[in-house]
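Trainee: This is the structure I want to talk about, given as structure tokens.
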Amino acid sequence: MNVIEKIMSYLGLEESEDDEERSEDYENKNYEPFVKQKPKVVNIHSNSHIKVIISRPVSYDEVTMICDELKARKPVIVNLQDMKPDEAERVLDFLAGAVYALEGVVKKISSGIFLVVPSNVDIENILAGDN
């Protein structure tokens, strides 16, 4: 024992084997008792600006582009008036399936024009005469 160890022993400041084991356990578990964690913040207004897409497809092949916009959580107005009736029906069927999978809604606006929205968009009907 050297002089410093004797003084520490006399003052009761020497490290026992139990203290060394506890110190090793503490270091192995990587404790950081005085580190404050940042609070988690959730932004409930994540999409304050919504872009509405207007699509006027001329062939069935364009339906996947409309679905990509829906997957990106954007509402789409689809004008099928320039398409052949059988092809327009196929497009509408495809969109109905996609909207169902995305838990969205398809609303008819007029003959051949539909509003297709994903689940993050609510549609509100305001009729003339309603207050």
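Trainee: Given segment 53-117, what percent of its DSSP beta bridges are antiparallel, to the nearest 5?
Mentor: 75
Trainee: Using the Kirkwood formula over every pair of different C-alpha atoms, what hydrodynamic radius in Å results for segment 53-117?
Mentor: 11.4
Any read-out appearing in this document is the output of simple, stated calculations on the displayed coordinates, not a laboratory observation. Worth saying up front: this structure is predicted, and the values here are computed from it rather than measured.
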